[in-house]
Amino acid sequence: MKRNLPATLLALTLLMLPSLPAAETRAAPPPTAGKSAAKPSVAGEYAGSYTGKNDTSGALRIKLKQDGAGWVAEAVFTFEGAEVPTKMKSVQVEGSKVEMVFAWEVQGTVASSKLNGDWSGDKLEGKYESTSAEGAASGTWSVTRT
């Protein structure tokens, strides 16, 4: 009997310990049917217009593309019916917020514009501010995915 005494003491000790609560289990969420649940992206081509506070308006086209961890963009707008190419200086996309800064030249006047906007579904829209040697201008813009 002396041989079984340590085993008996161990068994009694284990029986006297309070029982540990069972681990909580949660069912895994059901798999989504069809396509994988990829997050929608602001990347794409958009077309629309801008309207300035000084009664100027025109067409606006924007292309946004993710490039590694950053973003690249192209923008073209019309002024008095003529297309104005731009040189992109910076692009930031954070969630649904988009900011683009680009330089451009019209009729010998060098200027820059900053577009701030929000993305929702197939639409980007917001406000812009432009600066040149002749002064500042501001307004709104709106483009839809093409």
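The values are calculated or read from the model by the stated rules, or taken from the named source; none is laboratory data. The shown structure was predicted, so the numbers you read here are calculated from the model rather than taken from an experiment. Cβ atoms come from the backbone with ideal geometry, glycine included; neighbour counts cover every protein chain shown. Accessible surface is based on the protein model in full, side chains and every heavy atom, while ligands, DNA and RNA are left aside. Shrake-Rupley method; radii C 1.70, N 1.55, O 1.52, S 1.80 Å.
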Q: Just one of (1) under 21 Å from the mean Cα position of the chain (by Cα); (2) farther than 15 Å from W141 by Cα; (3) open to solvent by less than 30 Å² (accessible area, probe 1.4 Å) trips up G126, so point out which.
A: (2)
Q | Top-ranked residue in the range 82-91 [being surrounded by fewer than 13 Cβ atoms within 10 Å (Cβ to Cβ) and farther than 18 Å from A137 by Cβ; ranked as farthest from the chain's Cα centre (by Cα)] | A | E83
Q: Go through (1) surrounded by 13 or more Cβ atoms within 10 Å (Cβ to Cβ); (2) in contact with a Ser or Thr (Cβ under 7 Å, 6 or more places away or on another chain) and name the single condition V110 misses.
A: (1)
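Let's see how each residue does on (1) open to solvent by less than 40 Å² (accessible area, probe 1.4 Å); (2) in contact with a Phe, Trp or Tyr (Cβ under 8 Å, 6 or more places away or on another chain); (3) modelled with pLDDT under 95; (4) more than 17 Å from W141 (Cα to Cα):
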residue: A38; (1), (2), (3), (4): no, no, yes, yes
residue: T51; (1), (2), (3), (4): no, yes, no, no
residue: R61; (1), (2), (3), (4): no, yes, no, no
residue: A69; (1), (2), (3), (4): no, no, yes, yes
residue: T78; (1), (2), (3), (4): yes, no, no, no
residue: V98; (1), (2), (3), (4): yes, yes, no, no
residue: D118; (1), (2), (3), (4): no, no, no, no
Q | The one condition in (1) in contact (Cβ under 8 Å) with a residue 12 or more places away in the chain; (2) under 21 Å from the mean Cα position of the chain (by Cα) that A69 fails to fulfil | A | (1)
Q. Residues of the range 98-146 being touching a residue at least 24 places away in the same chain (Cβ under 8 Å) and of a type in the set (V, I, T), which ones?
A. V98, V106, T109, T140, V143, T144, T146
